[in-house]
Structure formats: C-alpha cells, structure tokens
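The next block holds one structure in the form of structure tokens; read it before the comments.
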Amino acid sequence: MPALGFLDAWNALPESTRLEMQRASTGWRRLARLGGDALRLAANADGDEAAELRSLAADILLWAHGENPLSGPLAAEILAAPDLPLSAPAHASLAAVASHWRTPGKRESGQAYFERLAAKRDTERLARFLAEQIRRDPAGLYWRDKALGLSIYCGPGAIADELESAALSGLDQLPGALAVALNLTAQSAFLRGEADRCADALTRLDAGCGPVFGPAFAPARRGLAWLDAEEDERALPDILAALRHAPWQAGLTLAAADAVTGARRAVAPPPGPALVMLYTWNKAADLDATLASLFASDLSLGDGGRARVMVLNNGATDDTSRVLDKWAARGGLLRLDLPVNIGAPAARNWLAATPEARAASTLVYLDDDVDLPADWLGRLGAALTAMPEAGVAGCKVADHQAPRLLQSAAGRLAVPADAPDGRLDLDFQSLAPNPFRLLDAHMQGPDWGLFDFIGPADSVTGCCHMFRRAALDAPHAEGGGFSLALSPSQYDDFERDLRMLAGGRYAVYQGFLRVRHRKRSGLAAQNGTAQTSANGNRYKMQTMHSRQEVAGFIAAQAETLGQAMARALGVLDHAEGRS
C-alpha cells in the first residue's frame, strides 16, 4: 500500500496540473502541452520539488507517446525536452520512432497524390496507395501512421483490415520498435473487442520492453480493456495499480470510481409524462433508421408509463412525409408538419411549446440521424438521478461508422493559450471575437474509456439530451429556450448551456451512453452555405457572452470538477480501506 492514499496523492500534485487534468487527462496533443507545462514548473523549482516535477512531466509526456506511438515529431519533441528523466527503454523507443520518421515534401508526387485522394475521401484508392508506400519504404513510419489513422476512421470492415495490416506488418522487426508494435497490437485488439488479446499484448509490453510509455500506461489500458468487456473485478487491480503511478490520470480515476459504485451499470427510468422530440428536414432514410432504433428501445418511465414521440417535419421535400406516415400508422408517434424549414432553434422551441410538451415532466431532444442503444432513456434518467441539480443530461456521441471515434463527450470550457490576457471587451475584427471553445481531447484518438463516467459538464451535445420541464421554463437569461439568433443551425445548444451556467446550473454527462451519429466527424471542412452559416453562428455565439462571464464559468467549472474528483478519490480510498 502506498504511503499516500489516492486523494492525498492527487492533492500533492501542482494545482495547475490538477485543474487541467480534471478537465481532460487524455488526448496526445493535450498531454504533450501539459507535460511541457510541468517541465516549465520544474525549471522554476529547486531540489526535490524540481525532481518530482520533472518525473511528473516525463510520465505525462510518455503517456502522450503511448497514445500516438508512431508520431516522429512528438517523439523528437520529447527527446529534445531539457532535463527529462527518461528510462533507457523509453529513450530507445523515442529515438527509434524519431529516426524512422520521414515526412515527404509538399511537392513530392506521393504526398500530393495522397492529399488529392484524401480530399476526395476515396478510401479504397487511399488504402491501396498507402499499402504500396509502406511496401516501398517499410522502415518509414510516416505512411504507416497515415494508414493506421485511416483504418480507425474507416471503422470495421475489409478496407480497415487492409490498412491496419499494412500499418503493422513487420513493425516489430524495425530496430527499437517492438514496444510500439505491441502497443498498437493491443489497440487493434481493443478496437475489435478482444480483451484477452489486448491484455496479452500489454502484458508482453510491460514484461519485454519495460516502462516505455511510463509505468502506468500498460496496466491502465489493460484495466480499461477489462472494463470495456464488463469484467470489473479483473479491471480494478490493474487500474488502481496504474493510479498509484499516475495520480494525475483523472479520467481513469472517475472511470474506476464509477466501476466501484456500480454507476457504470445504473439505469433509472425518468419521471413521466415524458416526450421525445425530433425535428427533421430532408433526411428521410436517416429518420427512418432513427425511428426504428427509437421504437425498438426501452421507453419505460418511472411512473409505469411510456414516453411519447413527436416529430416536427421542418418543411421537408423528400420522402419524410411517407416515413412519418409509416411510423404514425404503427402508433405512438405524434407529428407536426410545417410548410417551410424554420431552422433548428425555432424547431426546438416550437416542439417545447406544444401542449404535449407543456404537460410533460421530462423532455428529450434527439437528432434525426442517430442510432440508440436499448437502454438509452434509462441511462439519461440515471444521470439526472445522480445529479438532480443539473439543468440538462447528455451523453457520449460516436461516429456511426467508427464507433470508437468520439464526436462529443463531457464538454469543458477552455480559452486558447494564445488568447489576449486581461481583455474583457470583444474583438470584432477577429474571427473569434471572444475565443472560448470546448476542449477537443476526446477527438485526438480512439475512445479507450477515459470518458466513461457520470459527472458535471459545462455543455453536452444537443444530438441527444434530456431536460426536466422546469429547465426549459427558466427565464431566457438562465437557460430557457434556444436562441433564434443562431438560426438556421449550429451552436444553439452550446449557447443555451452557457446561459444555464449563468443561472448557476450545469449539465450532467452520462459517459455510459454511447449514441452513434450518422453525420461523420473528422472530414474536410464543408463548402458552401452550410459551413458559412456555422462559422457565422460561432461568431455570433462568441459575442453573446463576455470574456469576464466566460472566465467566471471556467472558475465555477474548476470548483465543480474538483468536488467530483474528491468524491471519486474518496470512493477509491474507501475501497482500499483508507477511510
């Protein structure tokens, strides 16, 4: 048993590290920055404190290397960090990755051809091209990295298998690359749901290569694989061992605590009456599939009734009306038909103003292009039960084709590091007049389960979110409806959550509900009016809240997340008999 309990070890970390890690403790770009921050703290410290901070920086940076082990630029950056205490195995792995990375020039035919295929999203030709590039240069990691990233983006299937095979073939034979190969073998098994094979590769990584990615990385991922396989008793020893080495790993802490308490399996039907509301425009096929998954799910309520479903046809000109006729004939579907598309915010507000919504205690908004698991409604109900003071409950949203790629998770407000300090006025000459955003750590790699927890958030996605009726009846300045200024679409759900924060309430995030979204993420930026409207709405949204107000939200977030961390760490200490 360590000298410090989990809570004491967390509190012994620098305050700046705790504040950042409790917002998100994954994402290789994010961890690379946070490791650099710890190293800068060490440069201004002395003696034992400086040594501890350098060790902390090394652990964080090596975990970043573990999340993106083929990246030569990241490996070179870590190697160049001054006074970083790296083990011999870690140094050898980083040096191998850095030396095997060769970035082609922009004018090289291979790179230009790759970029053209990527712009066209021609995955079949991309797969053939990348396999050929790797065959020509098996020691070069650049093309292996591209192939592996594309394989994850493609989702399960023959093309992904071909890309992954090319990326990993012979990797373990490259000098110094065995640890990288075992790491990626474990990831491949995890993405396929093969927990035993994943755990075996991670055990071989630990035993045969040493702490290449830090002492906590392999046991943490082994434990997360067992959690994903719903083998909690096998998972917890590994996860707790990892946390003794890496007390900064907040996501792992929260996931472990919810495993101990049973929150990861909790389902609580929401109170009735309840109304599930969708608005739709010219996505008949997607709507049909969404309604199929919706009506196949458990719509039971806490009062013994069932949730009703209402769809607003937002002036669609395709086969939407016939789809709605089909589902209405089966019973349980209410429909509204408008002659024109009034936009997302107005549609949301229109639905909430119907007599059926006025009579409901629970209201849910769904997008018209999602796939729902059977227990989705009870999962959202469990989140509101766990945090009854929350204004809205939301979930994890994943790419439909590649469900291990997240589009949305627990929304955490941040201000870019290069934003001007001390300015409270808006810079209308900038494309970001008030440059706040939500962290994108969940989008920097496949989902390993570090967002698997129930906890507070600044915002949750409007793709699938649940309200108590009272939350939508709040004054507009404290939540209320959705801003018509953000028509026709984009950012209206985020902006409403900001007003909710201004009223002193926050969102609750349900990380054990994964809703699959048919709209793809990670694609090249769209062209035309849709993207122009989204950019314009982001600009408008950023003018609706002052920098001083956003700074207040972030300060309140820090306190709320700190309380959540203290509760989770207390659960783990109690599980080990420390309280």
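Scanning the range 499-516 for residues that are over 16 Å from M466 (Cα atoms), under 19 Å from the mean Cα position of the chain (by Cα) and either free of Cβ contacts under 8 Å to residues at least 24 places away in the same chain or surrounded by 23 or more Cβ atoms within 10 Å (Cβ to Cβ) (or both) returns no hits.
How about the range 131-168: which of its residues are among the hydroxyl-bearing types (S, T, Y) and either more than 21 Å from L406 (Cα to Cα) or in contact with a Pro (Cβ under 7 Å, 6 or more places away or on another chain) (or both)?
Step one: list which residues in the range 131-168 are among the hydroxyl-bearing types (S, T, Y), which gives 142, 151, 153, 165.
Result: Y142, S165.
Scanning the range 468-492 for residues that are closer than 22 Å to L561 by Cβ and touching a residue at least 60 places away in the same chain (Cβ under 8 Å), which turns out surrounded by the fewest Cβ atoms within 10 Å (Cβ to Cβ)? Please lay out each step first, then the result.
Within the range 468-492, the first condition is being closer than 22 Å to L561 by Cβ, and the residues that meet it are 471, 478-479.
Retained after the next criterion (residues that are touching a residue at least 60 places away in the same chain (Cβ under 8 Å)): 471, 479.
Numbers: A471: 20, G479: 24.
Out of the qualifying residues, it is A471.
Looking at the range 547-570, can you tell me whether even one residue there is at pLDDT below 95, among the polar types (S, T, N, Q) and assigned to a loop (DSSP other than H, G, I, E, B)? The answer is no; no qualifying residue exists. Could you go through the range 284-297 and let me know if any residue there is in a loop (DSSP other than H, G, I, E, B) and within 28 Å of S487 (Cβ to Cβ). Checking the range 284-297: not a single residue is in a loop (DSSP other than H, G, I, E, B) and within 28 Å of S487 (Cβ to Cβ).
Determine, yes or no, whether R18 is touching a residue at least 12 places away in the same chain (Cβ under 8 Å), within 30 Å of A457 (Cβ to Cβ), among the charged types (D, E, K, R) and not in a loop (DSSP other than H, G, I, E, B). If you could, list the steps in order and put the result at the bottom.
Numbers: touching a residue at least 12 places away in the same chain (Cβ under 8 Å): yes; within 30 Å of A457 (Cβ to Cβ): yes; among the charged types (D, E, K, R): yes; not in a loop (DSSP other than H, G, I, E, B): yes.
Answer is yes for this residue.
Restricting the range 95-115 to residues that are in a loop (DSSP other than H, G, I, E, B) and in contact (Cβ under 8 Å) with a residue 24 or more places away in the chain leaves a set whose member that is nearest to A179 (Cα to Cα) is W101. Of everything in the range 209-234, what is free of Cβ contacts under 8 Å to residues at least 60 places away in the same chain, within 18 Å of H65 (Cα to Cα) and not basic (K, R)? Give them in sequence order. Residues satisfying the conditions are A218, P219, A220.
Only a single item in (1) touching a His at 6+ places or on another chain (Cβ under 9 Å); (2) at pLDDT 95 or above; (3) not in a helix (DSSP H, G or I) is not met by W448, and it is number (1). Taking the listed residues L351, L312, L334, the one that is under 30 Å from the mean Cα position of the chain (by Cα) and in a strand (DSSP E or B) is L312, with no other qualifying. Scanning for something more than 19 Å from M277 (Cβ to Cβ), touching a Cys at 6+ places or on another chain (Cβ under 8 Å) and either surrounded by fewer than 17 Cβ atoms within 10 Å (Cβ to Cβ) or of a type outside the set (S, T, N, Q) (or both), does the range 432-449 turn up at least one residue? Checked against the condition, which is being more than 19 Å from M277 (Cβ to Cβ), touching a Cys at 6+ places or on another chain (Cβ under 8 Å) and either surrounded by fewer than 17 Cβ atoms within 10 Å (Cβ to Cβ) or of a type outside the set (S, T, N, Q) (or both), the range 432-449 yields no hits at all.
Here the range 315-331 is the region considered, the condition is being outside any helix (DSSP H, G or I) and charged (D, E, K, R), and the residue that is nearest to L377 (Cα to Cα) is R330. Sub-6 Å Cβ pairs linking a first residue in the range 439-456 that is within 18 Å of R221 (Cα to Cα) to a second residue that is of a type in the set (K, R) and in a helix (DSSP H, G or I), at least 6 apart or interchain, are A441/R30; Q444/R29, ordered by first then second residue. Taking the range 115-133 as the range and being surrounded by fewer than 19 Cβ atoms within 10 Å (Cβ to Cβ), over 15 Å from C154 (Cβ atoms) and modelled with pLDDT of 90 or more as the test, only E132 passes.
Close contacts from the range 562-579, counting a first residue that is closer than 9 Å to F6 by Cα and in contact (Cβ under 8 Å) with a residue 60 or more places away in the chain and a second that is of a type in the set (F, W, Y) and surrounded by 14 or more Cβ atoms within 10 Å (Cβ to Cβ), with Cβ to Cβ under 7 Å and a gap of 6+ residues or different chains, come to L569/F6; L569/W10; L572/F6; D573/F6. Sub-7 Å Cβ pairs linking a first residue in the range 73-93 that is more than 14 Å from L178 (Cβ to Cβ) and assigned by TED's automatic domain parsing to the domain that holds L39 to a second residue that is polar (S, T, N, Q) and surrounded by fewer than 18 Cβ atoms within 10 Å (Cβ to Cβ), at least 6 apart or interchain, are P85/S55, ordered by first then second residue.
Given the residues L275, L243, which is the only one that is in a helix (DSSP H, G or I) and crowded, with 18+ Cβ neighbours inside 10 Å? Exactly one of L275, L243 is in a helix (DSSP H, G or I) and crowded, with 18+ Cβ neighbours inside 10 Å, namely L243.
For the range 504-520, give me each residue that is modelled with pLDDT under 95 and under 25 Å from E559 (Cβ atoms).
Going through the range 504-520, the residues modelled with pLDDT under 95 turn out to be 504-506, 518-520.
Selection gives G504, R505, Y506.
Count of the range 1-15 residues, restricted to those that are surrounded by fewer than 17 Cβ atoms within 10 Å (Cβ to Cβ) and in a helix (DSSP H, G or I), is 3. Whether any residue in the range 521-537 is assigned by TED's automatic domain parsing to the domain that holds I454 and at pLDDT 90 or above is what I want to check. Yes.
Condition check: closer than 20 Å to A347 by Cα, modelled with pLDDT under 95, out of contact with any helix residue (DSSP H, G or I) (no Cβ under 9 Å at 6 or more places or on another chain) and in a helix (DSSP H, G or I). Does A477 satisfy that?
No: the conditions fail for A477.
Out of everything in the range 429-444 that is farther than 13 Å from A409 by Cα and in a loop (DSSP other than H, G, I, E, B), what residue ends up being modelled with the lowest pLDDT? Looking at the filtered set, the residue picked out is Q429. When the residues of the range 246-266 are narrowed to those that are surrounded by 18 or more Cβ atoms within 10 Å (Cβ to Cβ) and outside any helix (DSSP H, G or I), which ends up nearest to the chain's Cα centre (by Cα)? Only one residue tops the list, namely Q249.
Counting only helices (runs of 4 or more DSSP H) that fall entirely inside the range 172-240 and contain at least 2 residues that are farther than 16 Å from D447 by Cβ and under 23 Å from the mean Cα position of the chain (by Cα), the qualifying elements are 178-191, 217-228.
The values are calculated or read from the model by the stated rules, or taken from the named source; none is laboratory data. Keep in mind that what you see is a predicted model, and the values were worked out from it rather than measured. Cβ coordinates were reconstructed from backbone atoms using ideal geometry, including for glycine residues, and neighbour counts include every protein chain displayed.
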